[in-house]
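Worksheet: the structure to be examined is printed underneath.
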């Protein structure tokens, strides 16, 4: 038949070509695998902190200047002892905390907000547990020379290039003005230096933000790629979640057998079995003091109908042949429930016939 090329279909089954299921995503999240770009946090922190400094800069420098003047005046007039040094140190901590508090607050809020937008509410204690497999030098070398590590190295080099390029270009353009700082008053010189620093930081922040957006989409792409599943994994997960189809089939079969057994055990309690005459059998029970309408105890066709009739004969339950009524009951009634209201009259006539038949037998 000529040359034949044989393919191992298991090879294709093992390829991770399928999108991850919700269960796989949930398990990955529990392990700390989420879509997150640290570059976004860094970029927004840089922009937020320097914007805060630029906005509150005059007030912060004023506070710092007043405190320095107070500090040096105290040094010139106060004898240095353990108590005076302790008081000065405490005041220094309080003032510096007051000056830096807005900056720290902005940084904390930005960090929380950016991370929340990326991953939502996420707190996993298992991630802070020590993992001794990380001490394995072989695994360490694998991480160092992995594709992800090389990508992070390239990203770091790109960031350094961006930072130094922007700083160089900005400072070079401002260099002529910086040479005139010697002739400016101190407040004016400080404001100009602050504006130059803010300009450098803002440009760097915007450039890093653009890089961070690209990094975020790269992280999402890598995350989806790593979560992909093979067709075999999908089948295994389905069996784990839904159960083995063969086991479920056996369980359903067992449930049907138990339901049939309970149904057959209820036939002796019936008042009448209505038949069609051989294809359908419906067992009814009616207790006026307990029931508002007759209830279907058992119902079946073919083999089940024959079995119902056989049990009814063994326990001397009346069997009435009524083809239209049997067919209607079989189509509209449910086992364990009352018969439909439109069949009350027809069933009442059958039950009346059965009760009269019982009375005749007793009188004979």
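Could you list, in sequence order, all residues of the stretch 315-346 that are out of contact with any helix residue (DSSP H, G or I) (no Cβ under 7 Å at 6 or more places or on another chain), assigned to a helix (DSSP H, G or I) and touching a residue at least 24 places away in the same chain (Cβ under 8 Å)?
Residues of the stretch 315-346 out of contact with any helix residue (DSSP H, G or I) (no Cβ under 7 Å at 6 or more places or on another chain): 316, 321, 323-324, 326-327, 330-334, 336-338, 341-342, 344-345.
Still in the running and assigned to a helix (DSSP H, G or I): 323-324, 326-327, 330-332, 341-342, 344-345.
Listed by number, the residues that qualify are 323, 326, 327, 330, 341, 344.
Suppose the filter is closer than 21 Å to residue 55 by Cβ and in the same structural domain as residue 50 (by TED's automatic domain parsing); does residue 190 pass it? Yes, satisfied.
Considering only the stretch 291-305, I want to know if a residue exists there that is assigned to a helix (DSSP H, G or I), touching a strand residue (DSSP E or B) at 6+ places or on another chain (Cβ under 6 Å) and assigned by TED's automatic domain parsing to the domain that holds residue 322. Yes; the residues of the stretch 291-305 include at least one that is assigned to a helix (DSSP H, G or I), touching a strand residue (DSSP E or B) at 6+ places or on another chain (Cβ under 6 Å) and assigned by TED's automatic domain parsing to the domain that holds residue 322. From the list 108, 138, 103, the one residue that fits, being part of a helix (DSSP H, G or I), exposed (fewer than 12 other Cβ atoms within 10 Å of the Cβ) and at pLDDT 75 or above, is 108.
Would you pick out the residues in the stretch 347-363 that are touching a helix residue (DSSP H, G or I) at 6+ places or on another chain (Cβ under 8 Å) and surrounded by fewer than 13 Cβ atoms within 10 Å (Cβ to Cβ)? Outline the logic, then answer.
Filtering the stretch 347-363 down to residues touching a helix residue (DSSP H, G or I) at 6+ places or on another chain (Cβ under 8 Å) leaves 347, 350.
Hits for the stretch 347-363: nothing passes.
Of 221, 202, all but one fail to be assigned to a helix (DSSP H, G or I), assigned by TED's automatic domain parsing to the domain that holds residue 61, under 21 Å from residue 55 (Cβ atoms) and modelled with pLDDT of 80 or more; the exception is 202. Could you list, in sequence order, the residues of the stretch 268-290 that are touching a residue at least 60 places away in the same chain (Cβ under 8 Å) and either surrounded by fewer than 16 Cβ atoms within 10 Å (Cβ to Cβ) or assigned to a strand (DSSP E or B) (or both)? Passing the criteria: 272, 274, 284.
The values are calculated or read from the model by the stated rules, or taken from the named source; none is laboratory data. Remember, predicted model here, so these are calculated numbers, not experimental data. When we count neighbours, we look across all protein chains shown, and the Cβ atoms used for this are built from the backbone with ideal geometry, even at glycine.
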